[in-house]
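Derivation of every value follows stated rules applied to the coordinates shown; laboratory data play no part. Nothing here was measured: the structure is a model prediction, and the numbers come from that model. Here the Cβ positions follow ideal geometry from the backbone for every residue, glycine too, while neighbour counts run over all protein chains shown.
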Amino acid sequence: MTGAAAVAVLGAAGHALPAVTAHPAVRRRFWPSLSGAGPVTHVALTFDDGPDRTSTPLFLRLLEQTGVRATFFVLGSMLDRDPGLGRELAAAGHEVSVHGWTHRNLLWRSPTATYADIARARDRIAGVTGHPPVWYRPPYGVLTTAALLACRRLDLTPRLWTAWGRDWEATRPPELIWQTITKDLHGGGTVLLHDSDCASTPGAWRGTLAILPRLIEWAEERNLAIGTLSAHRTTGAEAGRWA
C-alpha cells in the first residue's frame, strides 16, 4: 500500500469512526448521554422526518389533547415546504430540532457537504420558529467525525435514542411497533418515532399514531413524566467524549 493510499484509508476510518454509535448496545454501554439516557423518572418523546401537512397535525392534535410536549427532529427540506407548520410546532410548545436538510446517510457525504446540510437546516429552523435549535440527530442515526465537528461549530448537541418502534414500514402492525418500543423502553429512556413517511413506506405513520395514546398511558401508569429532550436532563456520567 502506498503512502497516499494509507493516508486515504486512515482518513476514511477517522471519518466513519463515530458511526459505531449507531449500534444500540455499543451506544448504551459507552455513550449513554448520546443515547438520550436521562433521569429514571422521565421519558423523552421524539419524532423524526417531518413536518408533513398530511400527518404531523394529527400528532399535534393528539399531543395537545394529552398535554404532552415532544421534540421533533425536522428535515429542513420538509420545513421549507410548509414553514407555517413549523411555527405551529413551536407555538404548541414542542421542540424543533435538526435532522438535516435532506435524509441522506452522512457516511457518503464530504465534510463540506455535511456542514452545509446541517447549517442550512439549523438556520431555517431558527428563522421559522424564532428559536435556535439545540439538538441534532443524523439520518439513520449514523454520525461521522464531520457531523460532530459541525455540531460543535453550530452549537448543537447530538442525541440518538434508547428505544424505537421501527415504525417506517406500513405493513408493520401497531402491536408489533408497540412490542418493539417496550422491549427497550424504561424510565430514563428516549423513544424514537416518526410523524412523517417522507423517508419511509407511504402511510407508515398511521401505525405510530395508533400506538401513541398507549405509550402516553404506559408512562402515566408508571408515574413517568413524558416530554421533550430539554426537559429530559441527561445523566452527567458520560463514558466517552460524544456527550
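When the dipole is taken about the Cα centre of segment 123-187, and only Lys, Arg (+1) and Asp, Glu (-1) are charged at their Cβ, what size is it in debye, to the nearest 20?
That gives a dipole near 200 debye.
Among Val20, Val191, Val142, which comes first, then next, by fewest other beta-carbon atoms within 10 Å?
Arranged by neighbour count, lowest to highest, Val20, Val191, Val142 become Val20, Val142, Val191.
Placing +1 at every Lys and Arg Cβ and -1 at every Asp and Glu Cβ, with all other atoms neutral, what dipole size does segment 17-227 have around its Cα centre, in debye to the nearest 20?
600 debye
For segment 111-218, state what percent of all Cα-Cα pairs lands in each successive 10 Å bin, counting from 0 Å until the bin that includes the largest distance.
Whole-percent P(r) values from 0 Å outward: 14, 35, 33, 18, 0.
At q = 0.12, 0.22, 0.24, 0.27 Å⁻¹, what is the base-10 log of I(q)/I(0) for segment 39-120 according to the Debye formula with one equal point scatterer per Cα and no solvent? Please give it to two decimals.
Calculated log10 I(q)/I(0) at the listed q: -0.39, -1.00, -1.11, -1.29.
Let's test the formula: R0 of 22 Å, r as the Cβ-Cβ distance of Asn223 and Arg61. What FRET efficiency results, to the nearest 0.05?
Calculated transfer efficiency: 0.30.
Would you kindly give the portion of the calculated P(r) for segment 17-227 that falls above 25 Å, as a percent of all Cα pairs? Walk me through the numbers before you get to the answer.
Values: 7282 of 22155 pairs.
Taking all Cα-Cα pairs of segment 17-227, the fraction more than 25 Å apart is 33 percent.
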